[in-house]
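The values are calculated or read from the model by the stated rules, or taken from the named source; none is laboratory data. Just so it is clear, the structure is predicted and the values come from calculations on it, not from any experiment. Surface accessibility is based on the protein's heavy atoms, side chains included, excluding ligands, DNA and RNA. Shrake-Rupley method; radii C 1.70, N 1.55, O 1.52, S 1.80 Å.
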Amino acid sequence: TLAKAESVAGNNSFVLFQTGSIYYRNKDWKYVSYFDRLFDTINKKNPDAVKPYIRAFSILMHAHYDKNNYSRSLAVSETINEFKKDYDALIISARSNYYLSNNDRAIEIFESISLNNEDRLLLGSAYAKRGDKEKASAILKNLLYNTDLKDKALKDRYLRPIVESIEAEKTAPDPPAQGREEATL
């Protein structure tokens, strides 16, 4: 029935949406190809064309992000955000920009939303990649208490030197006081 409907309708957005939805409900990854075709066929500048399919696009965005297809997840997330500021779409957009080395855009989005610690670590890494070691260091100082995050930071070639510098500061002895007399009781 689905194949027949598709052969009759071609790239009809309603048929693509319904077919993709059925595949999605049946946990069949074919839904991604239908939602991709739906995304490609609608006029993304027309709110009336996009709004009925926001949920399908959100599912599509997550599917592409989960498969590390960051370019496509970014395109879908940006379309969603044009019509509805959605936290999931914003965070996927920020992360996708980060993984695509669009560090300035990733930072801009990360700074505009509330972040969990994993995303703060990505923000710190984006700062470090951009050369802003002070901001990266400030973020890391608040995260290094968590050993999992510290281990992840040490694996990041941009964050590793900053982590090592922070650790060295913690273990360095305090410099002796100069020009002060010791108080006696």
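Go through [x] 1.12; [y] 0.95; [z] 1.23 and flag the label whose value is the computed Rg/Rh (Cα atoms, Kirkwood Rh) for this structure.
[z]
Let me know the shape class of region 28-99, please: from the alpha-carbon gyration tensor, a ≥ b ≥ c as square roots of the eigenvalues, rounded when a/c is under 1.5, otherwise prolate if a/b is greater than b/c, or oblate. Provide the component values of the computation, followed by the final result.
On the way: a/c = 1.86, a/b = 1.13, b/c = 1.65.
Oblate.
At a probe size of 1.4 Å, how large is the accessible area of residue 105, to the nearest 10 Å²?
100 Å²
Report the accessible area of residue 104, computed with a 1.4 Å probe over the heavy atoms of all protein chains in place, in Å² rounded to the nearest 10.
Counting only protein heavy atoms, residue 104 exposes about 100 Å² to solvent.
Listed here are the pairs 84/152; 30/155; 85/135; 4/85; which of them are more than 31 Å apart at the Cα?
Beyond 31 Å between Cα atoms: 84/152; 30/155; 4/85.
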